[in-house]
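Worksheet: the structure to be examined is printed underneath.
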Amino acid sequence: MPTLSLSQIEDLAYRALCACGASDLQARPLAIATAATEAVGVASHGLAYIPIYGEHLRCGKVIGDAMPTVSQAGPALIRIDAAHGFAHAAIEAGFDALVAMARSQGIAGMVLHRSYNCGVLGYHTTRLAEAGLLAIGATNAPASIAPSGGTRPIVGTNPISMAVPGPDGLAFMIDQSASTIAKSEVMKHAREGKPIPLGWALDADGHPTEDPNTALKGGTMAPAGGYKGVGLALIVEILAAALSGATLGKDASPFSGPVGGPPATGQFFMAIDTATASGGAFDTRIADLMASVAEQDGARLPGQSRSSKARSAAVSGVDVAEATLSRIEGLMA
């Protein structure tokens, strides 16, 4: 299995995206995020997703030369029309303004519509935390979770994330979907011809299944914590889709395959100046909270393994499957 440096991963992703029709504005932020995603060990959203991005550029589910439009919707609110381009480019277009607004107002929000899959949500909230802000993010997805008592999906896996700043950058980060497992993991098992663990997904009748294809074709994702997962998915749907004016998950085209037009889903971000909100007590409280976890043998905070992997990857690179590299090289042939 070849080992690539993070700069090589970024370059490979960038060249493949451009070969499929993405402009520099659209390709660069996504390529940077792809390398960062590989670094933290979330391979399902890293280079393995580039062939899907390429397919969607070529079939028109993503507009390769889209120009996101940023507008100030209120004293502390930014609204972005992603124009059916990649979410990463649209988020980048409003990022600096969101940071500046949160610092001046104490709290600020950003909503995006006519957007696309934003990859690992925690990547974006982490960037805000590294800028010294407490960050909350939410993104809706095509429907794959059924309501409690039902069998037809109405909401997506709908991730939500919080990244907590510390004196030296990121203190810790929470990033979780409303489903037991991210749908991309089921897709990965389907591509590799591997069964999925019971509890990940349900068949069309609402029964647990080990067949990823059964889950993906007519089945649903299992909500995390049963009805509580459904509730979390609905919260995200309201923040990322209803509030932003994006397409609801039940009406969005899939993030995989060429069927349907642009998904036109949405994102929501909130950035908070912790010193302003807490009167200066935030850093002390977070340090106390983290210490109470660290003093327990074997206990860890969410996201700690990702941070450890990122430090290692920066030095040693990342192992990438030959099959993944072959698929990406095929895009540039």
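The values are calculated or read from the model by the stated rules, or taken from the named source; none is laboratory data. These figures come from a predicted structure and were not determined experimentally. Neighbour counts are summed over all protein chains in view; Cβ atoms, including those assigned to glycine, are modelled from backbone coordinates with ideal geometry.
Whether any residue in segment 64-71 is in a helix (DSSP H, G or I) and either modelled with pLDDT under 95 or among the hydroxyl-bearing types (Ser, Thr, Tyr) (or both) is what I want to check.
No, the conditions are met nowhere in segment 64-71.
Residue by residue through segment 156-168, note down the ones that are of a type outside the set (A, V, I, L, M, F, W, C), surrounded by 15 or more Cβ atoms within 10 Å (Cβ to Cβ) and either at negative phi or out of contact with any helix residue (DSSP H, G or I) (no Cβ under 8 Å at 6 or more places or on another chain) (or both).
Within segment 156-168, Gly156, Thr157, Pro159, Ser161, Pro165, Gly166 qualify.
Count, please, the residues in segment 137-149 that happen to be over 17 Å from Ala242 (Cα atoms) and in contact (Cβ under 8 Å) with a residue 24 or more places away in the chain. Steps first, please.
Initial filter on segment 137-149 (over 17 Å from Ala242 (Cα atoms)): 144-149.
Applying the additional criterion that residues be in contact (Cβ under 8 Å) with a residue 24 or more places away in the chain yields 144-148.
Number satisfying all stated conditions: 5.
Scan segment 251-266 and give yes if some residue there is over 30 Å from Ala102 (Cβ atoms) and β-branched (Val, Ile, Thr), otherwise no. Quick ask: steps written out before the conclusion?
Within segment 251-266, the subset over 30 Å from Ala102 (Cβ atoms) is 251, 253-254, 256-261.
Next, from what is left, pick out any that are β-branched (Val, Ile, Thr): 259.
Checked against the condition, which is being over 30 Å from Ala102 (Cβ atoms) and β-branched (Val, Ile, Thr), segment 251-266 yields at least one hit.
Report, by residue number, each residue of segment 219-256 that is assigned to a loop (DSSP other than H, G, I, E, B) and surrounded by fewer than 14 Cβ atoms within 10 Å (Cβ to Cβ).
Gly225, Gly226
Across segment 79-118, which residue is farthest from the chain's Cα centre (by Cα) among those that are surrounded by fewer than 24 Cβ atoms within 10 Å (Cβ to Cβ) and at positive phi?
Per the criteria, the residue is Gly106.
Residue-by-condition table, conditions (1) over 22 Å from the mean Cα position of the chain (by Cα); (2) in a loop (DSSP other than H, G, I, E, B); (3) surrounded by fewer than 14 Cβ atoms within 10 Å (Cβ to Cβ); (4) not charged (D, E, K, R):
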{"site": "Leu170", "(1), (2), (3), (4)": "no, no, no, yes"}
{"site": "Asp175", "(1), (2), (3), (4)": "no, no, no, no"}
{"site": "Lys188", "(1), (2), (3), (4)": "no, no, no, no"}
{"site": "Lys194", "(1), (2), (3), (4)": "yes, yes, yes, no"}
{"site": "Pro197", "(1), (2), (3), (4)": "yes, yes, yes, yes"}
{"site": "Ala215", "(1), (2), (3), (4)": "no, no, no, yes"}
